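Each remark here refers to the structure printed beneath this line.
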Amino acid sequence: MGKTVLIVDDEKNIVDILSFNLKNEGFEIITAYDGETAIEQYAKNRPDLILLDVMLPVLDGFEVCRRIREKDITTPIIMLTAREEETDKVLGLDIGADDYITKPFSIRELQARIKANIRRMDAHSADELCSADIGGLTIDNERYDAFINGKAAELTQREFELISFLAARPDKVFSREELLHEVWQYDYFGDLRAVDVAIRRLREKVEEDPSQPRYVMTKRGVGYYFEP
């Protein structure tokens, strides 16, 4: 059986187009046309990835994302939005979406992002990730989380993979494009702001003072690195 994608959008023509194209790529498709049904379909079917529109009846996409993330930090969520406002895009990433794509979008681009997120879920085994104990920070690849002085940071899967990737290569500076390729596994697509938001959220969880980080550092004009 192929991987399952839950498509949530109140525009039937968009759902139909996405369903047709993704079925042709071998995906099993589940659909929902409002936020409440989306949560029900998620709980019933536990899809491998969720395409989630922002503007939905009953519950909007942000609320759906929040509720799913309260129970599940691993299933990739790509938000679909017709909005251009920067705050809406950042809000989606802030509440736990893995990525967003703005309508109208290319089916080819969306397929590439879906495949990259599912490939990322399948590819990262425990021995590919970094376990480390640096000062008060412990990176635990068995529990897929970091601990600050013994207290769980409650990282999302993306945040954990990001700090684990950087910590495995201490002092090496990676550009945002390189992190999109290595952690998000996007070869050509993706918004660089997603990296900045993930770094900011990561610092809020693992740094004593996020404005003066100790572990996840910035090399101005170049990128990010981990300081052991």
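The values are calculated or read from the model by the stated rules, or taken from the named source; none is laboratory data. Fair warning: this is a prediction, and the values are worked out from it, not measured in the lab. Cβ: placed from backbone, ideal geometry, glycine included. Neighbour counts: every protein chain shown.
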Kindly indicate whether any position in the range 41-48 is more than 25 Å from Asp145 (Cβ to Cβ) and among the hydroxyl-bearing types (Ser, Thr, Tyr). no
Residue selected from the range 18-46 under the condition crowded, with 17+ Cβ neighbours inside 10 Å and of a type in the set (Phe, Trp, Tyr), by the criterion farthest from Ile68 (Cα to Cα): Phe27
Yes or no: Arg176 touching a residue at least 12 places away in the same chain (Cβ under 8 Å), surrounded by 17 or more Cβ atoms within 10 Å (Cβ to Cβ) and outside the structural domain of Asp98 (by TED's automatic domain parsing)? yes
In the range 5-17, which residue that is in contact with a helix residue (DSSP H, G or I) (Cβ under 8 Å, 6 or more places away or on another chain) and buried (at least 17 other Cβ atoms within 10 Å of the Cβ) is farthest from Ile30 (Cα to Cα)? Asp9
Checked against (1) basic (Lys, Arg); (2) at pLDDT 95 or above; (3) surrounded by 14 or more Cβ atoms within 10 Å (Cβ to Cβ), Lys219 satisfies every condition except (3)
Within the range 74-104, take every residue that is touching a residue at least 60 places away in the same chain (Cβ under 8 Å) and assigned to a strand (DSSP E or B) and give me the one that is surrounded by the most Cβ atoms within 10 Å (Cβ to Cβ). Tyr100
Checklist (1) exposed (fewer than 14 other Cβ atoms within 10 Å of the Cβ); (2) under 19 Å from Leu93 (Cα atoms); (3) in contact with a Gly (Cβ under 9 Å, 6 or more places away or on another chain) applied to Lys71, failing item: (3)
Of the residues Leu80, Leu49, which single one is modelled with pLDDT under 95, under 23 Å from Gln157 (Cα atoms) and either under 15 Å from the mean Cα position of the chain (by Cα) or not assigned by TED's automatic domain parsing to the domain that holds Asp191 (or both)? Leu80
